[in-house]
Every structure is written in structure tokens, then in C-alpha cells.
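Trainee: Below is one structure. I have some questions about it.
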Amino acid sequence: MKIVALAGGVGGAKMAHGLAQILPPKDLTVIVNTGDDFEYMGLSISPDLDTVCYTLAGLANPETGWGRANETWNIISNIERLGGPSWFRLGDQDIATHLERTRRLKAGQTLSQVVKDFCAAWEVKQIILPMSDSPVRTMVDTDEGELEFQEYFVHRRCEPRVKHFRFDGISAAESAPGTREAVASADAVIICPSNPWVSVDPILQFISLQNKIVVAVSPIIGGKTVKGPAAKMYEELGIEPSALAVEKHYSGLLRGFVLDAVDESLSSQVSVKTLVANTLMNDYTDRARLAQDVLNFIRSL
Ligand code: GDP
């Protein structure tokens, strides 16, 4: 079964890793959000792409959900000592990724070429594609004005209240090579348990899911996020955060919806077929089990 997974960072990478443990590599394509990308200290940083690649390569830090395992912090601590910025934590190994990506982009390579080469070097056999090769920047309109995504997310720790999101550059951007073809030839598309507002919505602007079997896994469990601001965003936008709110968010796109066992009582209110499963992925086994449950669910649709 050929699967396309739409992914942000943490939740997306865990689901993609579960699928990678089950599917033959050529049957899994992960299309990743690049709206969180930004330039920091002259470096081109692609947080969600790196999280997905590191995770599938077995290089990710399992505690943080971002960055590299066995990381050291010599560069950033020396920058800090010199009075430079350190609010975005970059480990030494991670900085190598950003330096080399920045060099290649400046030399004229596209982001998809860079990802392809990096995946080959890291022995990632699945296909990982950015949603677009053109810069798209998620802007968060808040009660303190409009902020760039990482400024809001990392520097301001999601404290400002959100009012609206804008994806700067999206109207002029084209989907990355291979994304539309991957969706067209997929048997099903899985929307990973990623943040619907800032991780999945930008990707959805680049692909058409018409006539596809699309299944989403809720990133909200018992009204709360496992990590990150999705539930807070729903609240501040005047929507009660719940798995139901996620299903409504994707209204019209879905053939099936996966919600956690703690939300079983909401299942009857979902307007598409549901799978109630243990969606919390604490370890590799949880990831594979959830992926298998979702694939079985897709087969039953
Ligand atoms: P980000 O770009 O790094 O914020 O990553 P994502 O958008 O991919 O992931 C953030 C979302 O993942 C949050 O809304 C979390 O609730 C969700 N998430 C993280 N871990 C899990 C998990 O184990 N299970 C489920 N269902 N959701 C998860």
C-alpha cells in the first residue's frame, strides 16, 4: 500500500517513523511543512524537515523530539559568551546540517535536492519531500502584533495570544517536485498528528486531496496537546480544543478519523468513519502499533 504522510515536526515525525517501521521504504513518502523555516544567524533552518529526517535516520533526540541525540553545545555556549543570540538552541551536530544546507542553497541547489542528498547520506530510504522549494513563512498575528513563527514559538514560548495565521509567500510558491505525483499515486494519505493550524494547513495549500482516501490522526488527546500550542491556539481562536475540533478543521477532506481511546465518547459525533486507538506514542513500539492500526483502518475503508 502506497502512503503519503503529511507531517510537521514532533507528532509528524513520530507517526512517519511508525509507518517506516512497517511499510517498504518505496511505499512511504512524507511531505513536510516548511512554513516553520527561517534564517537565524545567517543559517537556513528547516526545523520540521530536520526533525523528520533525523527521526527516520535514527539520529533524533528522543527526549526533546527535536535536534540530535548525543548532542554537544560548544558553539552556542561560545556564541552566548560573546553576547550573541542563543534563544534558538542549536547543537554542534545540528549546526553542521544548517551550515551545509545554507552553503548548498546559496550555491543554487533547491531545498528538495538538499533533502534528497542529506537523506542519502543519513541512509534514510523513505522519500522525504518539502512541501515547496520556495520560501513560505508562517506569520502569527497575535495580541502583540504579527510575529515570525519561530519568534512566537521558541523565543516567546507561544505566550502571545493568537488571532490569525498568514503564510507569507504561499501564493507565489509552487509545490516541490514529486509532491503532486506522490499524492496522485498514493493509495491513501495520512494526516499525521501534527498541529493543524501551523504544520498541516500550509501543506494542504500545495496538494489536492480530491478523490483520495484521507485519514487524519488527532494531535489532541483529552482536550490537550501532547506537546506544543495546538490546543492553546484553538482556545484563543474561540474553539474548544478537542479531537472533534480537529476533525471539523479537516472537514470535507477526510474519509476516516483516528481519535484516542480517552476520547472514545466523542466518536459518535464524528461525521466520518472513526478508529479509536491508543494514539500516544511514547516509544518506538507505540509508533509502530499506531501505524499498523491506522493502515488496517485504511484497508477497511
Ligand atoms: P512541530 O512542528 O514540532 O510542532 O510538530 P507537529 O506539528 O508535527 O507536532 C505537534 C503536535 O504533535 C502537537 O499538537 C502534539 O499534540 C502532537 N503529538 C506529539 N506527540 C504525539 C503523540 O504521541 N500522539 C499524538 N496523537 N499526538 C502527538
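Trainee: Can you tell which of Lys248, Lys273, Lys212 is free of Cβ contacts under 8 Å to residues at least 12 places away in the same chain and out of contact with any Pro (no Cβ under 9 Å at 6 or more places or on another chain)?
Mentor: Lys248
Trainee: Still on this structure, I have one more. Which condition does Leu56 not pass, out of (1) more than 23 Å from Glu71 (Cα to Cα); (2) in contact with a strand residue (DSSP E or B) (Cβ under 9 Å, 6 or more places away or on another chain), if it passes all the others?
Mentor: Looking at each condition in turn, Leu56 falls short on (1).
Trainee: All but one of (1) crowded, with 19+ Cβ neighbours inside 10 Å; (2) in contact with a helix residue (DSSP H, G or I) (Cβ under 7 Å, 6 or more places away or on another chain) hold for Gln269, so report the exception by its number.
Mentor: (1)
Trainee: Here is a further query. Only residues in region 223-235 that are closer than 24 Å to Ser267 by Cβ and more than 6 Å from the ligand (Cβ to nearest atom) count as the first member; pair them with residues that are assigned to a helix (DSSP H, G or I) and at pLDDT 95 or above, Cβ under 7 angstrom, at least 6 apart or cross-chain, and list the lot.
Mentor: Close Cβ pairs (under 7 Å, with a partner that is assigned to a helix (DSSP H, G or I) and at pLDDT 95 or above) amount to Gly223/Ala231; Lys224/Ala231; Met233/Trp197; Tyr234/Ala245.
Trainee: Also, I was wondering about something else. How many residues does region 281-301 hold that are surrounded by 15 or more Cβ atoms within 10 Å (Cβ to Cβ), in contact with a Lys or Arg (Cβ under 9 Å, 6 or more places away or on another chain) and over 20 Å from Thr55 (Cα atoms)?
Mentor: The number of residues fulfilling the criteria is 2.
Trainee: Val217 - would you say it is at pLDDT 95 or above, in contact with a Lys or Arg (Cβ under 8 Å, 6 or more places away or on another chain) and within 16 Å of the ligand (Cβ to nearest atom)?
Mentor: Against the criterion (at pLDDT 95 or above, in contact with a Lys or Arg (Cβ under 8 Å, 6 or more places away or on another chain) and within 16 Å of the ligand (Cβ to nearest atom)), Val217 does not qualify.
Trainee: Only residues that are away from the ligand (no atom under 16 Å from the Cβ) and of a type in the set (Lys, Arg): list them for region 27-85, please.
Mentor: Arg81
Trainee: Report whether or not Val154 is of a type in the set (Val, Ile, Thr), closer than 15 Å to Leu253 by Cα and not in a strand (DSSP E or B).
Mentor: no
Trainee: Run Arg289 past the list (1) in contact with a Phe, Trp or Tyr (Cβ under 9 Å, 6 or more places away or on another chain); (2) part of a helix (DSSP H, G or I) and report the number of the one that doesn't hold.
Mentor: Single failed check for Arg289: (1).
Trainee: Just wondering, is there one or more residues in region 173-192 that are closer than 19 Å to Val294 by Cβ, crowded, with 19+ Cβ neighbours inside 10 Å, polar (S, T, N, Q) and in contact (Cβ under 8 Å) with a residue 40 or more places away in the chain?
Mentor: Within region 173-192, none of the residues are closer than 19 Å to Val294 by Cβ, crowded, with 19+ Cβ neighbours inside 10 Å, polar (S, T, N, Q) and in contact (Cβ under 8 Å) with a residue 40 or more places away in the chain.
Trainee: Where the second residue is among the basic types (Lys, Arg) and part of a helix (DSSP H, G or I) and the first is within 22 Å of Lys26 (Cβ to Cβ) and free of Cβ contacts under 8 Å to residues at least 40 places away in the same chain and lies in region 102-127, which pairs have Cβ atoms under 6 Å and are six or more apart or on separate chains?
Mentor: The qualifying pairs are Val114/Arg101; Val114/Arg104.
Trainee: When you scan region 105-120, do you find a residue that is in a loop (DSSP other than H, G, I, E, B) and surrounded by 15 or more Cβ atoms within 10 Å (Cβ to Cβ), even just one?
Mentor: yes
Yes/no matrix, rows are residues, columns are (1) surrounded by 14 or more Cβ atoms within 10 Å (Cβ to Cβ); (2) within 30 Å of Gln205 (Cβ to Cβ); (3) among the charged types (D, E, K, R); (4) under 13 Å from the mean Cα position of the chain (by Cα):
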{"position": "Gly11", "(1), (2), (3), (4)": "yes, yes, no, yes"}
{"position": "Leu19", "(1), (2), (3), (4)": "yes, yes, no, no"}
{"position": "Phe38", "(1), (2), (3), (4)": "yes, yes, no, no"}
{"position": "Ser46", "(1), (2), (3), (4)": "yes, yes, no, yes"}
{"position": "Cys53", "(1), (2), (3), (4)": "yes, yes, no, yes"}
{"position": "Ala57", "(1), (2), (3), (4)": "yes, yes, no, no"}
{"position": "Gly84", "(1), (2), (3), (4)": "no, no, no, no"}
{"position": "Phe88", "(1), (2), (3), (4)": "yes, yes, no, no"}
{"position": "Asp94", "(1), (2), (3), (4)": "yes, yes, yes, no"}
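The values are calculated or read from the model by the stated rules, or taken from the named source; none is laboratory data. Since we're looking at a predicted model, the values are computed, not measured. Glycine also receives a Cβ, built like all others from the backbone with ideal geometry; neighbour counts cover every protein chain displayed.
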